[in-house]
Amino acid sequence: MTTIFIVGAVLAGLALGSFANVLIYRVPQGLSIVRPPSACPRCGHEIRARHNVPVLGWIWLKGRCADCSAPISPRYPLVEFAMGATFGIVTWLTGPGANTVVLLTLVFYGLVLAAIDLETRRLPNPLTAAFAITLAVVVLATAVATGDWSDALRSVIGAVALGLLYGIAFVAYPKGMGFGDVKLAPSLGAVLGFLGWPQLIVGAFAAFIWGAVAGVIAMRRARKSRGVAIPFGPWMVVGALTGVVVGVPVATWYLDVVLVQ
Ligand SMILES: [Zn+2]
């Protein structure tokens, strides 16, 4: 992997991180994502181009508006940094190819949706729909370009499987998750299925394990034994990333060590 390619991925990640901040702030409020230009929510002054540089702009301004000194949330540079760093790492590890594009799609929408869910407890329809459409285009284009439909077929099976799993869980236990989670599930299944069966199976289970751990921690902190609602979307995304990273090793370990006993 050439350095220039990784540097390009980091820069693209930083720029998309900046756009992700716009989505995180505006989509839940139903605002346009193209206009007006970004402005300070307190004094209304437009953000100058040189202060809009990802991460560096926030550091330069020491986290305050240049006009009225209102504090700017550290979420902005954090989202930009996380997006830039993850784009670089994914590209470095997987190289150019369809898997990289699918993974970067997961990283972008996953980070945006997790941040919105944490803040508003919602997964807005326009974003879960855009995630699904982007994946459908990438998966279809890859299959047409390579003439190999096996990844696309696994991707569709993954989408249907996780859609059904979450749909059934929602019907059986509506308090446990929101319908937004059901709409996010097929996209995560499509990503994991595209990568492979081990990633799909481990990623699907990992979401519930992370969610259960987060639920227990939330109940302990609230000193309650039940009834503490946590947003589940972020744990679905973390679970999918877990499947991406450890899916193959965990599946190999399971088949070799557990089943062969
Ligand atoms: Zn201001």
Margin query: I want to confirm something. Restricting to region 42-88 and keeping residues that are touching a residue at least 40 places away in the same chain (Cβ under 8 Å) and of a type in the set (A, V, I, L, M), which single residue is surrounded by the most Cβ atoms within 10 Å (Cβ to Cβ)?
Written below: MET83
Notebook entry, point to check: Can we say VAL191 is modelled with pLDDT of 95 or more, under 20 Å from the mean Cα position of the chain (by Cα) and farther than 30 Å from LEU255 by Cβ?
Noted result: no
Next item on the list: Considering (1) closer than 20 Å to ILE24 by Cβ; (2) within 16 Å of the ligand (Cβ to nearest atom), say which one ALA114 fails and leave the rest.
Entry: (2)
Item checked: Any pair with Cβ under 7 angstrom, 6 or more apart, that starts in region 174-197 at a residue that is crowded, with 24+ Cβ neighbours inside 10 Å and ends at one that is part of a helix (DSSP H, G or I) and basic (Lys, Arg) -> GLY193/ARG154; PHE194/ARG154
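Could you tell me which of the residues VAL22, VAL34, VAL53 is away from the ligand (no atom under 16 Å from the Cβ) and at pLDDT below 90? Explain how you work it out, then say what you get.
Values: VAL22 fails: at pLDDT below 90; VAL53 fails: at pLDDT below 90.
Selected residue: VAL34, the only one of VAL22, VAL34, VAL53 that is away from the ligand (no atom under 16 Å from the Cβ) and at pLDDT below 90.
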Check: Just wondering, is there one or more residues in region 213-228 that are in contact (Cβ under 8 Å) with a residue 12 or more places away in the chain, outside any helix (DSSP H, G or I) and out of contact with any strand residue (DSSP E or B) (no Cβ under 6 Å at 6 or more places or on another chain)?
Finding: yes
Next item on the list: All but one of (1) outside any helix (DSSP H, G or I); (2) touching a Ser or Thr at 6+ places or on another chain (Cβ under 6 Å); (3) not polar (S, T, N, Q) hold for LEU184, so report the exception by its number.
Entry: (1)
Note to self: Conditions first: (1) more than 16 Å from the ligand (Cβ to nearest atom); (2) assigned to a loop (DSSP other than H, G, I, E, B). VAL107 passes all but one, so which condition is the exception?
What the structure shows: (2)
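Yes/no per residue for (1) closer than 20 Å to GLN199 by Cα; (2) not assigned by TED's automatic domain parsing to the domain that holds ILE4:
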| residue | (1), (2) |
| --- | --- |
| VAL55 | no, no |
| ALA85 | no, no |
| TRP92 | yes, no |
| GLY110 | yes, yes |
| ASP117 | no, yes |
| ALA132 | yes, yes |
| ALA145 | no, yes |
| VAL156 | yes, yes |
Next item on the list: Filter region 21-34 for residues that are assigned to a helix (DSSP H, G or I) and under 20 Å from GLU46 (Cβ atoms) and give the result.
Entry: ASN21, VAL22, LEU23, ILE24, TYR25, ARG26, GLN29
Notebook entry, point to check: Only one of GLY8, GLY44, GLY13, GLY17 is part of a helix (DSSP H, G or I) and either within 16 Å of the ligand (Cβ to nearest atom) or over 20 Å from PHE131 (Cβ atoms) (or both); which?
Noted result: GLY8
Next item on the list: Tell me, yes or no, whether region 212-231 has at least one residue that is at pLDDT 95 or above and either within 18 Å of ARG121 (Cβ to Cβ) or among the polar types (S, T, N, Q) (or both).
Entry: no
Next item on the list: Only residues that are within 11 Å of the ligand (Cβ to nearest atom) and either assigned to a loop (DSSP other than H, G, I, E, B) or among the aliphatic types (A, V, I, L, M) (or both): list them for region 56-77, please.
Entry: LEU61, CYS65, ALA66, ASP67, CYS68, SER69, ALA70, ILE72
Next item on the list: Please find, within region 137-173, the residue that is surrounded by the fewest Cβ atoms within 10 Å (Cβ to Cβ) out of those that are over 18 Å from VAL237 (Cα atoms) and small (Gly, Ala, Ser).
Entry: GLY147
Notebook entry, point to check: Restricting attention to region 98-120, and to residues there that are more than 15 Å from the chain's Cα centre (by Cα) and not hydrophobic (A, V, I, L, M, F, W, C), which single residue is surrounded by the most Cβ atoms within 10 Å (Cβ to Cβ)?
Noted result: ASN99
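The values are calculated or read from the model by the stated rules, or taken from the named source; none is laboratory data. Fair warning: this is a prediction, and the values are worked out from it, not measured in the lab. Cβ atoms come from the backbone with ideal geometry, glycine included; neighbour counts cover every protein chain shown.
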